[in-house]
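See below for the structure under consideration.
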């Protein structure tokens, strides 16, 4: 487990990944873990970048560091399900389905 991870956050991230992400064969460099964690937070509240990274790794996603620092990663993830994500979140808020 990474330094700033905790199991509760990891479980939130796993749930979000399972619902909104599809694995693909190649590494997708369009969004990093840091960017994706913000999507997760819209539904589940704060999660650390380390927790998102650990969740993806535990779910078996392949990864590559975004830089030499290795503090953020790209994964073999498709973001097709996240199309219009903000609109979906706003609709959920309006309908009382989301209270974040």
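Here, each number is a calculation from the coordinates, and none is a lab measurement. Given the structure is predicted, the values throughout are model-derived calculations rather than measurements. Glycine also receives a Cβ, built like all others from the backbone with ideal geometry; neighbour counts cover every protein chain displayed.
Remarks
- For a label point 7 Å along the Cα-to-beta-carbon line of residue 31, residues of segment 75-100 with backbone N under 13 Å: 75-89
- The Stokes-Einstein estimate for segment 7-92, based on a Kirkwood radius over Cα pairs and taken at 20 °C with 1.002 mPa s viscosity, is a diffusion coefficient of 167 µm²/s.
- For residue 59 and residue 95, the FRET efficiency from 1/(1 + (r/R0)^6), where r spans their Cβ atoms and R0 equals 35 Å, is about 0.75.
- Helix axis angle, 33-44 relative to the chain longest principal axis, alpha carbon, degrees: 30 degrees
- Peptides ranked, highest mean first, by Cβ atoms within 10 Å: ranges 78-88, 26-36, 46-56: 46-56, 26-36, 78-88
- Residue-averaged [θ]222 nm for the chain, counting only DSSP H segments that reach four residues, each worth -39500 (n - 2.57): -14000 deg cm²/dmol
- Full extension of the chain between residue 8 and residue 84 gives 24.7 nm of extra length, using 0.36 nm per residue less the Cα-Cα distance.
- Principal-axis tilt of helix 85-94 within the chain, Cα atoms, nearest 10 degrees: 30 degrees
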